[in-house]
1. Please tell me if residue 15 is at pLDDT 95 or above and under 30 Å from residue 101 (Cα atoms).
2. Which one is nearest to residue 65 (Cα to Cα) among residues in the stretch 1-14 that are surrounded by 14 or more Cβ atoms within 10 Å (Cβ to Cβ) and out of contact with any helix residue (DSSP H, G or I) (no Cβ under 6 Å at 6 or more places or on another chain)?
3. Name the residue that is modelled with the lowest pLDDT, counting only residues in the stretch 261-296 that are more than 19 Å from residue 241 (Cβ to Cβ) and out of contact with any helix residue (DSSP H, G or I) (no Cβ under 9 Å at 6 or more places or on another chain).
4. Within the stretch 114-140, restricting attention to residues that are free of Cβ contacts under 8 Å to residues at least 60 places away in the same chain and within 26 Å of residue 183 (Cα to Cα), which residue is surrounded by the fewest Cβ atoms within 10 Å (Cβ to Cβ)?
5. From the list 104, 118, 91, 114, which one is on the phi > 0 side of the Ramachandran plot and touching a strand residue (DSSP E or B) at 6+ places or on another chain (Cβ under 7 Å)?
6. Picking from 202, 216, 161, which residue would you name as being touching a helix residue (DSSP H, G or I) at 6+ places or on another chain (Cβ under 8 Å) and assigned to a loop (DSSP other than H, G, I, E, B)?
7. What is the one condition in (1) touching a helix residue (DSSP H, G or I) at 6+ places or on another chain (Cβ under 6 Å); (2) surrounded by fewer than 23 Cβ atoms within 10 Å (Cβ to Cβ) that residue 147 does not satisfy?
8. For the stretch 41-58, state whether one or more residues are part of a helix (DSSP H, G or I), touching a residue at least 24 places away in the same chain (Cβ under 8 Å), in contact with a helix residue (DSSP H, G or I) (Cβ under 8 Å, 6 or more places away or on another chain) and under 26 Å from residue 150 (Cβ atoms).
């Protein structure tokens, strides 16, 4: 039986150093290799040209660089948004979306192949959960997009396919590697991690105090409405979720962003806005209103006019709220749709 290779892109510098020393190589080789991977973003050991051919061959035997193959690229004609469908080395597929803002380029990355959470309005969950992504595969989405686009990425949002807090260990490893000074070196203040509300992980994340922005996929102002569209609420209800968010803010001092996908006839009335304002009245927070993305298998709809009306309700009630800017509308840039259509064909 062939020995499984180690995912080298997922190794911390000190772990890589230990591996290289165990191979009988000099310590400085680990630093060179880490730089090739995380600064120069090479996708092959053969490209590490300051290493001997013999060492490159030994690395190939022991390690793998988790490859992401670009299966399909969609480019917006209106705002330079680029949507990537990646093939993984086991035949699965994931998506990421590269978005251009005035302050730089931000990428939305996936953390799992599929999703277990079952949110009724989400395309990512329809095909079901397959597996977690490794830290290297999450990083690979950033590195591949940079190589393909030629654009420097300065911000990351973990809001693509999958629930980040359901893949907690790999996500934390990814965050620490992304911010590693010897590597990509991104400040985690430019990173936003979304969760539908896996409460124990919010408490764990607070203890790490990484400096990220925590985004809560709330989408409803009370338990009845939330449970109707988000099964996770049956496990950890709104009261438990809000208590975890208060703890997170007290521990980190970081303002929390609440995501609110507006759905016609479900959570879009003035009364819903009053309930939401009451729920968030003691928070230092921001509400990001998102007109729900229409997907073929669901009847949920919304539009920007309704979103701006709901924003006005919240602003009048003293809640800081904005409507998310729509990027890549002409290429259906919401995650999950491209993967599903590709795998169905």
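1. The answer is no for residue 15.
2. Across the stretch 1-14, the extreme among qualifying residues is 8.
3. 294
4. Going through the qualifying residues, I end up with 132.
5. One residue alone meets the criteria, 104.
6. Residue meeting the stated conditions: 161.
7. Unmet for residue 147, out of (1) touching a helix residue (DSSP H, G or I) at 6+ places or on another chain (Cβ under 6 Å); (2) surrounded by fewer than 23 Cβ atoms within 10 Å (Cβ to Cβ): (1).
8. Looking only at the stretch 41-58, we keep the residues that are part of a helix (DSSP H, G or I), and these are 45-47, 53-58.
Those still in the list that are touching a residue at least 24 places away in the same chain (Cβ under 8 Å) too: 55, 58.
Those left that are additionally in contact with a helix residue (DSSP H, G or I) (Cβ under 8 Å, 6 or more places away or on another chain): 55.
Now drop any that are not under 26 Å from residue 150 (Cβ atoms), which leaves none.
No: the stretch 41-58 contains no residue that is part of a helix (DSSP H, G or I), touching a residue at least 24 places away in the same chain (Cβ under 8 Å), in contact with a helix residue (DSSP H, G or I) (Cβ under 8 Å, 6 or more places away or on another chain) and under 26 Å from residue 150 (Cβ atoms).
The values are calculated or read from the model by the stated rules, or taken from the named source; none is laboratory data. This structure is a prediction, so every number in the text was calculated from the model and none was measured. FYI the Cβ positions are ideal-geometry reconstructions off the backbone, even for glycines, and counts take in every protein chain you see.
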